[in-house]
Structure formats: C-alpha cells, structure tokens
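Below you'll find the structure, written out as structure tokens, and then a few comments.
The values are calculated or read from the model by the stated rules, or taken from the named source; none is laboratory data. What you see is a predicted model, and the numbers here were worked out from it, not measured in a lab. Here the Cβ is made from the backbone with ideal geometry for all residues, glycine too, and neighbour counts use every protein chain on show.
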Amino acid sequence: MSIELPNGAAAWRARARRLAERDVLPIAEEIDRTDRVPDPVVRALREAGLFGLGIPRSWDGSGGDARSISAVLEELARGSAAVAVLLAVHLSVCAAPILEWGSDAQREKYLRPLARGDGIGAFALTEPGAGSDAGSLTTRYVSEPSGYRLRGTKMFTSNGVSAGAILVFATRDPALGHGGISAFVVPPGTSGFSVSQRLDKLGLRGSETTELVLDGVPVAPDGLLGPEGSGLKIALSALAGGRVGIASCALGVAQAAFDEMLRTVRRADEPWKRTLVARSFIDLASARALVDRAAERKDAGAAFVTEASAAKLVASRAAVSIASSGVDVAGPEGVRAGGVAERLLRDARVFPIVEGTTEIQELILGRNLLEPGRFPNS
C-alpha cells in the first residue's frame, strides 16, 4: 500500500493530531479499561505511516527526524498515553537500534517489516532482579554450532504479546560484568519463548506490559545485533534516544491535563484555582522547551544525552504536577473513577519511573555536567 507522507515536524504533528482526534480520543476510556491497544488503532497508525517514522524510505520507512517523532508522540499522548508509548517503544528502543547497529541483511529481515508496521517492536532489558542497574542482568546465552540459546526471565516488557520482534539482552557470564552482555533480535513464537503474565498497572493500562520467559530460546547467528559484548552499549544508546520519545509522551499527557484544567476552571472561580493554572502553564512551557531542545540536538547530530535526561525528568514531573492540580480544581468530579482528570493522573504517575527513574536521570545529569563528554551514550 502506497502512503502519501508529509514533510517536516509540523506536517507530521498535524497528521498525528487528526488521527488522535478521529481514532484515539473517542475511545480513550475504552483503551484505559483494556491491557492492549485495540487493533483498529494499530491499523490507523500503520496506515498513517507512523510505524516507519525515523526510518529511511530505502528500508520502507517514512523518513522524518527526532522532532517529527516527538511531535507525533505528543499528539498521540494527548489522546491516549498507552497508544503513544506503544509507538515510542517500537520506534526508539527496537527499530532505531536495528537501524543503527544492524547489518543490511538484518535490516532487510527485521527492520523492513517493522517500518511497514507488519510487526510491532519490543525491548526486553529489565528483569525481576535487574532494573536501573542494567549491568546486573542474569538472562544467559550460550553459543552453539547453530547460533545461540537464551535462558532467563524479562519483566515489564512493553508490546511483549503483540511484538513482531523483541530486542533481548543477555549475558554470556555475569562474572564478565558489562562486557559479557550482548543484544539479540528474537521473533516471538520461537521455541521456548512464552509470555508468562500480562501485568496490570496503575496507569498506561492500555499499554501491553508483560513478563517473558526464555526457556532455551534458539537464536540464529544473524539474530546477534552488533558485536558480542556490545549489548550494554546498544541498550544505553537506545535508552538515551528513547528518553526523548518518552519525554514527548509525558509532555502530551501534561498538555492534555492542562487543556482539561482550562476546561474545568471558570473565570469566576476561586483565586487558588487560577494560581494553579498559572503554575501549570510554567511547568508545561518549561517541559516543552527541554523536549524541543533534546530533539533538536539529536537531529543536529550533537551530544544530547544530558538534554534527553533533563527533558524526561522535567516533562515527567510536569505531567504529574499538572494532572494532580487538574484533579484538585475539578473537585469531587476529579477523583471519579473513569473521569478524564483521574485517568490523566494515573497515566502521568507512570512516567517518572519508566525508561529510567527520576533518580537515575538526576544521577546522569550530575555525572554529565561534572564530567562533560566522558559518557556520550548513557
């Protein structure tokens, strides 16, 4: 199917806004009551060319840059954060690493279908006992004549059920530390692969979140992404880029909460409500400036890790603060289950945790500001 694609971030934003208003926002409450994004919404994303954003057209992608991706994710998140996170994970921490680290044969096999939206991408790094300290993971791999074999458990894997390709990180030997970790592209349905549970959550309920079991999963030689031992470098690079996307999702939730607040607060309301509107506007504008800055630096090919961490931290905080204020000004209606303000607050509260907690972002910022240039990709 031939898709007419827009040029520039403003055009992509307009396309995503139309899609969100037509296909996402009307069923936002329905999405919140499920544990996966409905098929018609996934189909709309595919038909709009959004699964190929940031991927060259030579690989069946849609082109577009970091600012285009940021704009699209923000607009989708204004309708449903779960929909935006599905796309953010697909683009930032699955398709992008394959584009950057894969061979042409791997791009042909794995990236081209992802770009067309024939499959959704997933990223499996976190484990029951390994979260912020990615270097402590215990999922093991061994080499064998036919390739590799993986064994372990992955936790909180977004898109884990619907994925067409999952980027999985495993270590040859935990005693090797960071240098023992490698990255593998694993197609679901492979022998030994199973989804052991789908996890319910406070917010982002429509985002598929899973526990995966790898019970001797065989991986062909071409499933190894990058050189052996480069897995942590690939993961940290992907997460750095992914933080721009997640910050954009948080910004969309913050904008939606601010819009709902403006709808709720009337001119004649108490002064404290108008004060919350003013404070929320400042938080929103600050977050937007940092998200835009991070995306611009990424597009320019400049170091952007510091800006990405700052954007993720501030946009997450803004989403929580503005959504919380939105519940306050809405009064009893704000705490009603199923209400817009309540849903936005639950969704917002997830963002300070996913793709690097607030505390991790603060550590990254302190380290990079004191030792600039020493840690360019993490």
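Does region 7-29 include one or more residues that are of a type in the set (Asp, Glu) and in a loop (DSSP other than H, G, I, E, B)?
First pass over region 7-29, keeping only residues of a type in the set (Asp, Glu): 21, 23, 29.
Checking which are in a loop (DSSP other than H, G, I, E, B) leaves us with none.
No, that holds for no residue.
With respect to being over 18 Å from residue 95 (Cα atoms) and buried (at least 23 other Cβ atoms within 10 Å of the Cβ), residue 214 fits the description.
Scanning for something assigned by TED's automatic domain parsing to the domain that holds residue 74 and under 20 Å from residue 344 (Cα atoms), does region 39-49 turn up at least one residue? Quick ask: steps written out before the conclusion?
Step one: of region 39-49, the residues assigned by TED's automatic domain parsing to the domain that holds residue 74 are 39-49.
When the remaining residues are screened for being under 20 Å from residue 344 (Cα atoms), the result is 41.
Yes, that holds for at least one residue.
Please tell me if residue 169 is in a strand (DSSP E or B), in contact with a strand residue (DSSP E or B) (Cβ under 7 Å, 6 or more places away or on another chain) and free of Cβ contacts under 8 Å to residues at least 60 places away in the same chain. No, not satisfied. Before we move on, is residue 91 out of contact with any Ser or Thr (no Cβ under 6 Å at 6 or more places or on another chain), of a type outside the set (Asp, Glu), crowded, with 22+ Cβ neighbours inside 10 Å and part of a helix (DSSP H, G or I)? When the stated conditions are applied, residue 91 passes them.
Just the residues that are hydroxyl-bearing (Ser, Thr, Tyr) and either within 25 Å of residue 207 (Cα to Cα) or assigned to a loop (DSSP other than H, G, I, E, B) (or both), please, taken from region 300-350. Even if it seems obvious, please write down each step before you answer.
Initial filter on region 300-350 (hydroxyl-bearing (Ser, Thr, Tyr)): 306, 309, 316, 321, 324-325.
Those that are hydroxyl-bearing (Ser, Thr, Tyr) and either within 25 Å of residue 207 (Cα to Cα) or assigned to a loop (DSSP other than H, G, I, E, B) (or both): 309, 316, 321, 324, 325.
Within region 136-158, residues that are in the same structural domain as residue 175 (by TED's automatic domain parsing) and closer than 11 Å to residue 219 by Cα reach partners that are hydrophobic (A, V, I, L, M, F, W, C) and assigned to a loop (DSSP other than H, G, I, E, B) with beta carbons closer than 7 Å, at six or more positions or on different chains, in the pairs 147/220. Are any residues in region 46-59 surrounded by fewer than 19 Cβ atoms within 10 Å (Cβ to Cβ) and not in a helix (DSSP H, G or I), and if so, which ones? Within region 46-59, 56 is the sole residue that qualifies.
Yes or no, residue by residue, for (1) under 19 Å from the mean Cα position of the chain (by Cα); (2) surrounded by fewer than 24 Cβ atoms within 10 Å (Cβ to Cβ); (3) not aliphatic (A, V, I, L, M):
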| site | (1), (2), (3) |
| --- | --- |
| 3 | no, yes, no |
| 20 | yes, no, no |
| 23 | no, yes, yes |
| 27 | no, yes, no |
| 80 | yes, no, yes |
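Taking each residue of region 335-358 that is without any contact (Cβ under 8 Å) to a residue 12 or more places away in the chain and looking for partners that are in a helix (DSSP H, G or I) and among the acidic types (Asp, Glu) with beta-carbon atoms closer than 7 Å, six or more apart or interchain, yields 335/342; 336/342; 339/333.
Just to be sure before I move on: is residue 208 closer than 25 Å to residue 342 by Cβ, crowded, with 20+ Cβ neighbours inside 10 Å, acidic (Asp, Glu) and not assigned by TED's automatic domain parsing to the domain that holds residue 342 in the structure I sent? Judged against the criteria, residue 208 is a match. Taking every residue in region 28-53 that is more than 20 Å from residue 114 (Cβ to Cβ) and pairing it with any residue that is hydroxyl-bearing (Ser, Thr, Tyr), at least 6 positions away or on another chain, the pairs with Cβ-Cβ distances below 7 Å are 28/80; 31/80.
Does residue 321 satisfy being of a type in the set (Gly, Ala, Ser), surrounded by fewer than 21 Cβ atoms within 10 Å (Cβ to Cβ) and closer than 30 Å to residue 53 by Cβ? Show your work before the answer.
Values: of a type in the set (Gly, Ala, Ser): yes; surrounded by fewer than 21 Cβ atoms within 10 Å (Cβ to Cβ): yes; closer than 30 Å to residue 53 by Cβ: yes.
For residue 321, the condition - of a type in the set (Gly, Ala, Ser), surrounded by fewer than 21 Cβ atoms within 10 Å (Cβ to Cβ) and closer than 30 Å to residue 53 by Cβ - is met.
Scanning region 351-361 for residues that are part of a helix (DSSP H, G or I) and among the hydroxyl-bearing types (Ser, Thr, Tyr) turns up just one, 358. When residue 364 is tested against the conditions (1) closer than 24 Å to residue 282 by Cα; (2) touching a helix residue (DSSP H, G or I) at 6+ places or on another chain (Cβ under 7 Å), the lone failure is (1). With respect to being at pLDDT 95 or above, under 22 Å from residue 335 (Cα atoms) and not in a loop (DSSP other than H, G, I, E, B), residue 287 falls outside the description.
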